[in-house]
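S.K.: The structure is given below, and queries will be raised subsequently.
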Amino acid sequence: MKNYKTKLKIFTFYIVILIFTFLFLHFIYAQTSPQFLVSWQAQSYIPNWYQGKILPTNGTPTEISFELIDKGKLADLSKTKVRWYINDELVKNEENGLGIKSLKIITPNYSGQETEIRISVVDYLGGETLDRIIKIPVVGPEVLIDSPYPDKKISAGLSIFQAIPFFFNIKNLNSLSVEWSANEQKPAGLSGNPWLLNLNIGPETPIGTEIKISVLVKNILKELEFASKNIQLQVK
């Protein structure tokens with residue numbers, strides 16, 4: 001019985017060694033195999049303070065680029081065939097030149113979809129083909145209403161609201177039109193700045209009165225590109 005336990009311990013020890021060796025070799029291979037370093041940037045509009053990823057809408061110019069990292073260094077792809085696919089359709093290959101590491105596209109998909117980009121490095125160093133697929137989320141344009149009033153409650157008198165657009169296919173705000181409304185009516189408190197609403201609540205307005213503020217932003221250069229937002233307020 002004692003001899004059986006000894007053999008079992010030896011067998012278990014060898015199994016552990018084999019598993020450790022397999023994991024170690026797998027780790028070494030993962031560290032030495034070429035890795036894609038991919039980045040992309042959409043050219044849709046965002047306010048200058050925005051720190052997040054700039055997302056494309058339908059029709060947004062977007063640029064994708066990559067580097068291949070091999071053994072800790074940038075790989076020289078100047079004599080290598082690189083093929084680019086958009087949604088599984090070949091759009092650029094070696095007929096356009098060797099070592100192509102960037103691609104500019106007009107985002108074809110719509111809000112809620114993804115644009116799939118596949119980069120294929122063919123016969124890298126005379127060996128296997130290396131592929132990398134990235135999926136770029138596509139959104140619709142958005143507009144937010146900056147309402148600096150706690151609990152969405154406002155007092156009688158002047159209240160100021162600001163509309164802030166995101167992800168429109170424009171170069172500057174002059175390409176957008178802005179329409180405000182308060183309780184479905186065009187408000188009288190519009191300022192010289194179309195992005196601001198100066199809402200004046202009369203002192204006779206009963207406490208608890210609800211006021212719905214809405215804004216509609218349209219791209220005057222692209223009829224189907226628009227966004228709206230509304231907030232519900234209460235007089236305190």
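Each reported figure results from applying straightforward, stated rules to the coordinates on display, with no laboratory input. Keep in mind the model is a prediction, meaning the values are calculated, not measured. Note that we place each Cβ from the backbone using ideal geometry, even for glycine, and neighbour counts take in every protein chain shown.
S.K.: State which entries of LYS79/LYS135; LYS152/LYS229; LYS186/LYS212; LYS152/LYS218; LYS135/LYS171; LYS53/LYS135 exceed 23 angstrom in Cα-Cα distance in the structure shown.
M.R.: Numbers: LYS79/LYS135 27 Å; LYS152/LYS229 15 Å; LYS186/LYS212 12 Å; LYS152/LYS218 26 Å; LYS135/LYS171 25 Å; LYS53/LYS135 14 Å.
From the list (LYS79/LYS135; LYS152/LYS229; LYS186/LYS212; LYS152/LYS218; LYS135/LYS171; LYS53/LYS135), the Cα-Cα distance tops 23 Å for LYS79/LYS135; LYS152/LYS218; LYS135/LYS171.
S.K.: Can you tell me the relative contact order of the chain? Whole percent, Cα pairs under 8 Å, sequence separation 6 or more.
M.R.: Working: 461 pairs, mean separation 37.9, N = 236.
It comes to 16 percent, rounded to a whole number.
S.K.: What angle, in degrees between 0 and 90 and rounded to the nearest 10, separates the Cα long axis of helix 2-32 from the longest principal axis of the Cα atoms of the chain?
M.R.: 60 degrees
S.K.: Where is the GNM fluctuation largest for the chain (alpha-carbon springs, 10 angstrom cutoff): THR205, THR80, THR60?
M.R.: Of THR205, THR80, THR60, the Gaussian network model singles out THR205 as fluctuating most.
S.K.: Of the listed values (1) 1.14; (2) 1.26; (3) 0.94, grab the one calculated as Rg/Rh (Cα atoms, Kirkwood Rh) from the structure here.
M.R.: Derived directly from the coordinates: (2).
S.K.: When all alpha-carbon pairs of region 25-161 are counted, what percent fall beyond 24 Å?
M.R.: On the way: 4426 of 9316 pairs.
Roughly 48 percent, once rounded to a whole number.
S.K.: Could you line up TRP180, TRP195, TRP49 from fewest to most neighbouring Cβ atoms inside 10 Å?
M.R.: On the way: TRP180 22, TRP195 18, TRP49 6.
Final ranking by Cβ density, sparse to dense: TRP49, TRP195, TRP180.
S.K.: What does the helix-only formula give at 222 nm for the chain: each DSSP H stretch with n ≥ 4 adding -39500 (n - 2.57), the total divided by the residues, and the result rounded to the nearest 500 deg cm²/dmol?
M.R.: Details: 1 runs with 31 residues, N = 236.
Theoretical 222 nm ellipticity from helices: -5000 deg cm²/dmol.
S.K.: Convex hull over the alpha-carbon atoms of region 142-235: what's its volume per residue in Å³? Write out the running numbers ahead of the final one.
M.R.: Details: hull volume 8.9 nm³, N = 94.
It comes to 94 Å³ per residue, whole-number rounded.
S.K.: Exactly which GluC sites (Glu not before Pro) in region 123-197 are in a DSSP loop and have at most 14 other Cβ atoms within 10 Å? Don't jump to the answer; show the numbers that get you there.
M.R.: On the way: sites: GLU128, GLU142, GLU179, GLU184; in loops: GLU128, GLU184.
In loop regions of region 123-197 (DSSP not H, G, I, E or B), the sparsely surrounded GluC sites (Glu not before Pro) are GLU128, GLU184.
S.K.: Same structure, new question: Under 16 Å Cα to Cα from LYS101, which aspartates and glutamates show up? Leave out anything in the same chain fewer than 8 places away.
M.R.: GLU63, GLU67, ASP70, ASP76, ASP123, ASP131
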